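Following: one structure in structure tokens, then a few remarks.
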Amino acid sequence: MAVSLGSSGSNAAADQANSTTSESKHGPAQMLDEHLLTPAAINSLEVHGATNTRRSLLDHIFKPLVEDSAEAGTTLGQVLTGVQAATKKLARFDIFKEEGFGVFLADAPRPDSAAPSDNTELDISVQVKEKSRLVFSAGTDFGNTEGSAYTNAVARNIFGGAETLTVNASTGTRTRSAYNAIFSTPINGNPDLRLSVEALRSATQKPWASHEEDLAGANLRLAWLTPNSDSHALSYSNAWRQLTGLAATASPTVRADAGDSLKSSVAHTFTRDRRDNPMLPQSGYLLRTVSELAGWGPLNGDVSFAKTEVEASGAIPLTIPGVAGTSGVSVGGGLRMGVLCPLPGGYSLTGAAQPSRINDRFQLGGPTDVRGFKLGGLGPHDGADSVGGDVFAAGSANMLVPLPRLGAESPLRLQLFGNAGRLVALNRSTRESKEGVLAMDSATVLGGVKSAVAELANGCPSVAAGVGLVYAHPVARFELNFSLPLVVRRGEEARKGLQVGVGINFL
């Protein structure tokens, strides 16, 4: 956001500071310091251009600033710092145009009979331009072996408090239909604390496991940003899932999980992103954790598990001898790990737990994680079906090099990469049949998880390497890679040759 600070009218404090500076022959830096240390207070503050925004929302931003300036000892520098912080906070509501901000300062008029004072009284005018309240868009996407068309409608600032309603509809070659509507609002006028409610419905074909999944549900989400720019999100989700449309060749494992299931869960997501460019990182790091608890305690539903996933990645720039400035060459790496632990329903930790379902298990492989393998190509398979796993680990290393004649500022890069991964299921032999239903006691679950984690290091993981082109668009990252599988474990499905990947989160 570009904020312009201008001044109009006479400024007695500035004249006094300039006079003092001239007499004492101070330098420009000391002139500025002395000027900013002069006592100051806000006489009035007006916001122009916020015609559709409630007064109460603006009061949350600017009223504390005006009140703080009335305290004894407040300086001009503190007032200016407070104004800048307030306008940046206002911009984070995403209802004003970034280029429309302007801040103008002027001396408040003094009555002729007023006694002389060293205190500067300021009249502040904040100029904003509101974004369009209704936005419609449509387009096409291609990525992860799927093409889709979408329409999107956004209604901003619905009730004047920076509320947003987003409605999406899409259809594609794999996702036959998907609809969702999200209503989001800031809490207590804080742009860094938002509450959202979402309703969704989708029908997705999953050819790697010979079925289709219909889903309908709702989410309640509280998201907040910490002062050091870390983001947190706490959500509650209730979703009805139907595993249907089985192919004639569907495996027994897929057929056993067919039908309806209800998942009721709470989840927490933490993200710390210190990368210079999320789509084409040249330096910095990313740390993300996702933790989910389903079906245990008061959550109900007919699936119960604890699930945790951790992701860490980073990049460092390389300096090329003889090349002035930024070379654009960087090396990076990433690591993802996850564990799913079945739990007994209710409040018990020692009762019988059902094995995880294919809906909830991890899938690994594809152009956005372990390149050189088909979607769901890693991990346990039943015949031709990828049935997922309960524990996984995957890592990658790459080098990004600018193409000749394009330079370091170009969003196009040549990529050299190597990646590896391993996906493991809980030992099937540890599952016991209880009244015709597969179940495991707590000791069996714990032993199965320990065994699966140990299995990750048993033998060489699946490995692939390759070369490709990366284009960093502001909305998504596009990759066209030629991959060569080097190690393929028995039963897994590799993919030698070209792969196209589109997404915002790559391994």
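The values are calculated or read from the model by the stated rules, or taken from the named source; none is laboratory data. Since this is a predicted model, take the numbers as computed values, not measurements. Glycine gets a Cβ as well: all are built from the backbone with ideal geometry, and neighbour counts include every protein chain shown.
Among the residues of segment 104-117, at least one is at pLDDT 90 or above, surrounded by 13 or more Cβ atoms within 10 Å (Cβ to Cβ) and out of contact with any helix residue (DSSP H, G or I) (no Cβ under 8 Å at 6 or more places or on another chain). For segment 207-216, give me each residue that is touching a strand residue (DSSP E or B) at 6+ places or on another chain (Cβ under 6 Å) and on the phi < 0 side of the Ramachandran plot. Correct list: Trp208, Ala209, His211, Glu212, Glu213, Asp214, Leu215, Ala216. Only one entry of Ser433, Ser451, Ser442, Ser410 meets the criterion of being at pLDDT below 95 and more than 30 Å from Lys307 (Cα to Cα), and that entry is Ser410.
Cβ-Cβ contacts under 8 Å between residues 6 or more apart (or on different chains), taken from a first residue in segment 96-110 that is within 24 Å of Pro191 (Cα to Cα) and of a type in the set (Val, Ile, Thr) to a second residue that is at pLDDT 85 or above and crowded, with 18+ Cβ neighbours inside 10 Å, are listed as Val103/Val83; Val103/Thr87; Val103/Ile124; Val103/Val126. Determine whether segment 253-275 contains at least one residue that is without any contact (Cβ under 8 Å) to a residue 60 or more places away in the chain and touching a Lys or Arg at 6+ places or on another chain (Cβ under 6 Å). Scanning segment 253-275 turns up at least one residue that is without any contact (Cβ under 8 Å) to a residue 60 or more places away in the chain and touching a Lys or Arg at 6+ places or on another chain (Cβ under 6 Å).
Taking the criterion of being among the basic types (Lys, Arg) and assigned to a loop (DSSP other than H, G, I, E, B), the residues of segment 334-364 that qualify are Arg357, Arg361. May I ask you to verify whether Asn219 is outside the structural domain of Gly301 (by TED's automatic domain parsing), under 22 Å from the mean Cα position of the chain (by Cα), under 30 Å from Asp192 (Cα atoms) and modelled with pLDDT under 95? Considered against the rule, which asks whether it is outside the structural domain of Gly301 (by TED's automatic domain parsing), under 22 Å from the mean Cα position of the chain (by Cα), under 30 Å from Asp192 (Cα atoms) and modelled with pLDDT under 95, Asn219 comes out as no. Residues in segment 263-279 that are under 30 Å from Pro342 (Cβ atoms) and aliphatic (A, V, I, L, M) were compared, and the one that is nearest to the chain's Cα centre (by Cα) is Ala267. The set of residues in segment 303-315 being closer than 23 Å to Ser396 by Cβ and either surrounded by 17 or more Cβ atoms within 10 Å (Cβ to Cβ) or modelled with pLDDT under 95 (or both) consists of Lys307, Glu309, Glu311, Ser313, Gly314, Ala315.
Counting only residues that are more than 15 Å from the chain's Cα centre (by Cα) and among the acidic types (Asp, Glu), which one in segment 280-320 is nearest to Trp224 (Cα to Cα)? Per the criteria, the residue is Glu292. In segment 240-253, the qualifying residues are those that are among the hydrophobic types (A, V, I, L, M, F, W, C) and at pLDDT below 95, and the one that is surrounded by the fewest Cβ atoms within 10 Å (Cβ to Cβ) is Ala248. Within segment 38-84, being basic (Lys, Arg) and without any contact (Cβ under 8 Å) to a residue 60 or more places away in the chain holds for Arg55, Lys63.
The residues of segment 380-400 include none that are part of a loop (DSSP other than H, G, I, E, B) and closer than 27 Å to Met279 by Cβ.
Matching residues to (1) polar (S, T, N, Q); (2) surrounded by fewer than 18 Cβ atoms within 10 Å (Cβ to Cβ); (3) at pLDDT 95 or above:
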site: Asn188; (1), (2), (3): yes, yes, no
site: Asp230; (1), (2), (3): no, yes, yes
site: Asp257; (1), (2), (3): no, no, no
site: Phe270; (1), (2), (3): no, yes, yes
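Whether any residue in segment 133-146 is within 30 Å of Leu45 (Cβ to Cβ), assigned by TED's automatic domain parsing to the domain that holds Ser210 and either polar (S, T, N, Q) or modelled with pLDDT under 90 (or both) is what I want to check. No; the residues of segment 133-146 include none that is within 30 Å of Leu45 (Cβ to Cβ), assigned by TED's automatic domain parsing to the domain that holds Ser210 and either polar (S, T, N, Q) or modelled with pLDDT under 90 (or both).
When you scan segment 271-279, do you find a residue that is within 27 Å of Lys374 (Cα to Cα) and out of contact with any helix residue (DSSP H, G or I) (no Cβ under 8 Å at 6 or more places or on another chain), even just one? Scanning segment 271-279 turns up at least one residue that is within 27 Å of Lys374 (Cα to Cα) and out of contact with any helix residue (DSSP H, G or I) (no Cβ under 8 Å at 6 or more places or on another chain). Of the residues Val470, Val475, the single one that is at pLDDT 90 or above and farther than 23 Å from Ala209 by Cβ is Val470.
Selection of strands (runs of 3 or more DSSP E) fully inside segment 401-507 by the criterion of at least 3 residues being surrounded by 15 or more Cβ atoms within 10 Å (Cβ to Cβ) and in the same structural domain as Gln354 (by TED's automatic domain parsing) returns 412-424, 462-472, 477-487, 497-503.
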